[in-house]
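Taking it in order: structure first as structure tokens, then the write-up.
Taken together, the values in this text are just the output of simple stated rules run on the coordinates, not laboratory data. The shown structure was predicted, so the numbers you read here are calculated from the model rather than taken from an experiment. Positions of Cβ are generated from backbone atoms using ideal geometry, with glycine treated the same way; all protein chains shown enter the neighbour counts.
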Amino acid sequence: MGRNIETSSYWLMAGVSTTGVSHEKAGVECQDAWACSQSVEPTGSVVMAAACVSDGAGSVCKAFTGAKLTAWAVSVWLLEHFPSALEMPRDWIRQSCLSMVRRSIRRAAKRAGYPPDEYAATFVAVCAGSDGKWLALHLGDGGIIGRFGNEILVVSQPEKGEFANESWFATSSDALEHIRVYGSSFDRGLSDPTGFVLFSDGVEDSLLDRRKGTVAKAASVMLDWFRDHSPDKVSTALEENLGTIFCERSHDDCTIVLMAKPNERPEPGKNPPEGGVQSIPVHAGLSED
Amino acid sequence: MTEEIMQLRKEDLLLNPTSRVAVALCLDVSGSMTGEPIAELNEGISAFFDAARADQLARASAEVAIVTFSDMPETRLDFQNLDRVERLPTLTAGGSTDLGGGVNTALDRLEARKNEYKQAGIDYFQPWLVLMTDGQPTTQSHVLASRKALDLERRGKLVVMPIGIGPFADMHVLSTFSKQRQPLRLQGLDFQKFFAWLQPSLDAVSKSRPGDKVQLDLEGIKGWAEI
């Protein structure tokens, strides 16, 4: 038991984006981005992990940059405000996080000489600590699946407008009303998560049954990969699966980020980084054009 | 390569219904369409269905209804998956031009289909109304029908494509159905070119994703419209 408690403080993460067939054919870059960050206190006793997936709007010229900025800003906000944000009202969380994203976008837009609307992007994000607390934020489409004990469930469904090609972005005038906030201190009070799957809309139809609200078996299968494999190997496997089985079902960009709390102590080299906050944007650089 | 154990199987994933795009073809079959016009229209519709059924995405996503109007509006083909359409109706011409009645029937069917999608949990795109006439309306019902169409268009709930056939089509009346698209006059009776343009245009809608603004192939319009 003691061994499990001690080792359960580790979160392992892996993520991959692939360019959709429709964008490849059109010579358009991938418009998804993701960021993962980890924070370890100097004692090494508490680890928190944050991840964000962002999807740039198809019709804007700075979609990828907008997605990168959004993924970075949301994950940094989470690291800065978790877990204290769990004690705050949801409206404060929405307002504070969105302000940070918009500040980041406004700065980049001003430098590049574009309107901020050209950086429109959605986001799904999770931050989880070692003590069973967690916080998730979601704007627009994409989704979050969580594993709590042996139960795997949909934490957040995609939100679209009436039509399939409508959604909400950080730059939308009514974005604030559409940011959904979940966490261990809200609603169902679920705690002690052991895994999360964050994904963009290109993967929605493969992982979620929209009508029944059920989750594909693939979600738990992917999280289980961490039991026997390093995050690097899991990333490689994710990339191969996104490039084959997922892209057969979607012409859109596809992004998946996995967060898992393994049952066993990670082998040397698998450990999360130690010593303060380290932000690891694995997929995309954080240059702001 | 990763180990086999890290390869997902198809049965590990889910399959959701394809998002649908509903298109109502609202067609004038009044007496003035007798002869070559109605024959060409039937040919064009047939070619459109053949092309759409040959396209994997269109076959899964496009749903087409045919509403005709002459003395009375009539739903000749209701919305359904293209694969389920066993036989296309053969349109015949005759009678007057109750254009407004036709549009009202088409809009009612579109609304009903959207509700069916909602109840079944199927995502859908903005529906289309393709309105074709070769003359002037013989009733006043088009006044209210055009207000209804304009209101839906203004609220982003409908794409309207008004099309005139031949030199006597009342382009002014057609123009009252859309503020976003001026009515276009078909080149001669080349319905086939119009439908050949329509099918990939619907594909573009079906491929669109959140935040996309679907652009119509304006260059392609020159292939069938008098511009």
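Points to keep in mind about this one:
- In Å, descending, principal axis extents of the Cα set of segment A:52-192: 47, 33, 21
- For chain A: relative contact order, % (alpha-carbon pairs under 8 angstrom, 6 or more apart): 31 percent
- Residues A:Ala112 and B:Glu111, FRET efficiency given R0 of 35 Å [Cβ-Cβ distance, rounded to 0.05]: 0.20
- Normalised by 2.2 N^0.38 Å, where N is the number of residues, the C-alpha radius of gyration of segment B:1-98 stands at 1.59.
- Each Cα pair under 8 Å and six or more residues apart adds its separation to the average, and for segment B:1-121 the resulting relative contact order is 31 percent.
- By the Cα gyration tensor, segment A:2-265 has an equivalent ellipsoid whose semi-axes, rounded to whole angstrom, run 27, 22, 17 from largest to smallest.
- Cα-based shape type of segment A:118-193, given that a ≥ b ≥ c are square roots of the gyration tensor eigenvalues and the cut on a/c is 1.5: prolate
- GNM on chain A, alpha-carbon springs under 10 angstrom: the most fluctuating residue among A:Ala216, A:Ala14, A:Ala121 is A:Ala216.
- Value of Rg/Rh across segment A:176-239 [Cα atoms, Kirkwood radius]: 1.01
- The distance separating the Cα centre of segment B:176-227 from that of segment B:36-88 comes to 16 Å.
- Convex hull volume per residue, computed on the Cα atoms of segment A:115-161, equals 76 Å³.
- Relative intensity of the protein assembly as shown on a log10 scale, I(q)/I(0) at q = 0.07 Å⁻¹, equals -0.46, per a Debye sum over C-alpha point scatterers of equal strength in the absence of solvent.
- Separation in nanometres of the label points that stand 7 Å from Cα toward Cβ, at B:Leu216 and B:Thr90: 3.2 nm
- Student exercise, the protein assembly as shown dipole from Lys, Arg, Asp, Glu Cβ charges, in Debye to nearest 20: 980 debye
- Gyration tensor verdict on segment A:142-272 (Cα atoms; rounded if a/c is under 1.5, prolate if a/b is larger than b/c, oblate otherwise): oblate
- Think of segment A:2-265 as having a plus end and a minus end, set by charges on the Cβ of Lys, Arg, Asp and Glu; of A:Leu223, A:Gly132, A:Trp168, A:Gly132 sits farthest toward the positive end of this dipole.
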